[in-house]
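Note sheet for the following structure.
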Amino acid sequence: MKSRQRSRSSAISNDSETIGILLIDGYPIIPFSCVVDSLRAANRLSEKNLYRWEYFAPDAEPVGASCGITVPTRPLNMARDLKSLIIVAPNTAQHFNHGATLKILQNLDRQKVSLGSASSGSFILARAGLLDGCRCTIHWENIPVFKEMYPLLEVAFTLYEINERRMTCSGGIAALDMMLKLIENQYGRQLAQQISQQFQHDRIRTGIDSQQMADRMDLAMNAPRLIDVINLMENNIEVPLSLPAIADKCKLSLRQIERLFHKYRGLTPSQYYLSLRLMHAKQLLLNTNSSVIDISIATGFETQSYFTACYRKHFGSSPRNHRSQVATERKA
């Protein structure tokens, strides 16, 4: 496999743009394949050697995908002449603290290498201080933890974000959309559309497309004003807004909001808002070391006892027991 990789790379002209792909152990295979195959397709469909790519790991230790697939890698300190480096990391990347890797990423930034993430690598870029001043994104499941860890960063609920020398995406198939947009920016929309069609991808989604689109499609078609209400709730977790305040901001009556939630979500507005806050709390509980009382405050509960009662009713277990159970399962 190594010889095939070397022979392919040697066939690429020196004019090709070299993309480094940094793999973190347990990386998801879908965003990884979206990155690699979009570059491969760009070369094939353009009939030019636009890109070459190299696989790296934090050190000489082999890394495997979450599904068990392993590709040959080189230590990151061997990276040379890169135009860009894209990190593919698992959703546990908030715990990644490999000092040598963080220093190399900072050095690459000083060398004007564009740095990005095709999944949870946003955690690693943030830990290295490389997302300061950049609008960025990450998978919706990780947003509560990400915001808690890096409260000063501007985190969007979008599929991907592309800045001058930063690109982050929410993972999964969104990595393909990000790569298509990068290719479009460099080589035009026609090539990007050809790649999209090659992969049976119905359209190149834009940077303003929101995550969880399937969940919102029915609302966009039938109840667009409910989206505004939900967005307000999602953006006001720590200090929840009152329903009258939400109604006033959205220029709706309380009765209208109640009818919309009953029809399209089968819940009262208060039940839906509480569910959002508890889901946010669950992510913090299972993915950070924050205390239960700090999590209760971060999700807008006046007392820890009330938070615990709501959590137990919603998830069937107290916060402490749930955290202990999941920690045991992860060690198994």
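Any read-out appearing in this document is the output of simple, stated calculations on the displayed coordinates, not a laboratory observation. Predicted, not measured: the structure shown is a model, and the values here were computed from it. Ideal geometry is used to build each Cβ from the backbone, glycine not excepted, and the neighbour counts take in all protein chains shown.
Here the ratio of the Cα radius of gyration of segment 136-286 to 2.2 N^0.38 Å is 1.20.
Here the 3J(HN,Hα) profile of segment 279-290, calculated from phi with Karplus coefficients 6.51, -1.76 and 1.60 at θ = phi - 60°, is 5, 4, 4, 4, 4, 5, 5, 8, 10, 9, 9, 4 Hz, Gly and Pro shown as x.
Residue by residue, segment 233-245 carries 3J(HN,Hα) couplings of 4, 5, 8, 9, 8, 5, 10, x, 7, 6, 4, x, 5 Hz when phi is fed to the Karplus relation 6.51 cos²θ - 1.76 cosθ + 1.60 (θ = phi - 60°); x denotes Gly or Pro. Site-free segments of the chain were taken between GluC sites (Glu not before Pro) in DSSP loops having at most 10 other Cβ atoms within 10 Å, sites themselves excluded; the longest one is 165-301. Separation of the alpha carbons by more than 20 angstrom is noted, of K147/K251; K147/K282; K282/K313, for K147/K251.
Toward the positive end of the charge dipole of segment 251-310, with +1 on the Cβ of Lys and Arg and -1 on the Cβ of Asp and Glu, the farthest Cα among Y306, N287, L254 is that of L254. Taking the DSSP bridge list for the chain and keeping only pairs wholly inside it, about 15 percent are antiparallel. Normalised by 2.2 N^0.38 Å, where N is the number of residues, the C-alpha radius of gyration of segment 2-198 stands at 0.96. Taking H as built 1.01 Å from N, whose amide H comes closer than 5 Å to the amide H of E17, not counting residues under 5 places away? HN-HN under 5 Å from E17: Y51, R52.
Its relative contact order, with pairs defined as Cα atoms under 8 Å and 6+ residues apart, puts the chain at 12 percent.
Computed over the alpha-carbon pairs of the chain, the distance histogram in 10 Å steps reads 5, 23, 30, 23, 13, 5, 1 percent, short to long. Geometric descriptor of segment 213-331, per residue, is 114 Å³ (volume of the convex hull of the Cα atoms).
Dipole magnitude for the chain: about 340 debye, using +1 per Lys or Arg Cβ and -1 per Asp or Glu Cβ, origin at the Cα centre.
The K331 and S66 beta-carbon pair, evaluated with R₀ = 22 Å, returns a calculated FRET efficiency of approximately 0.80.
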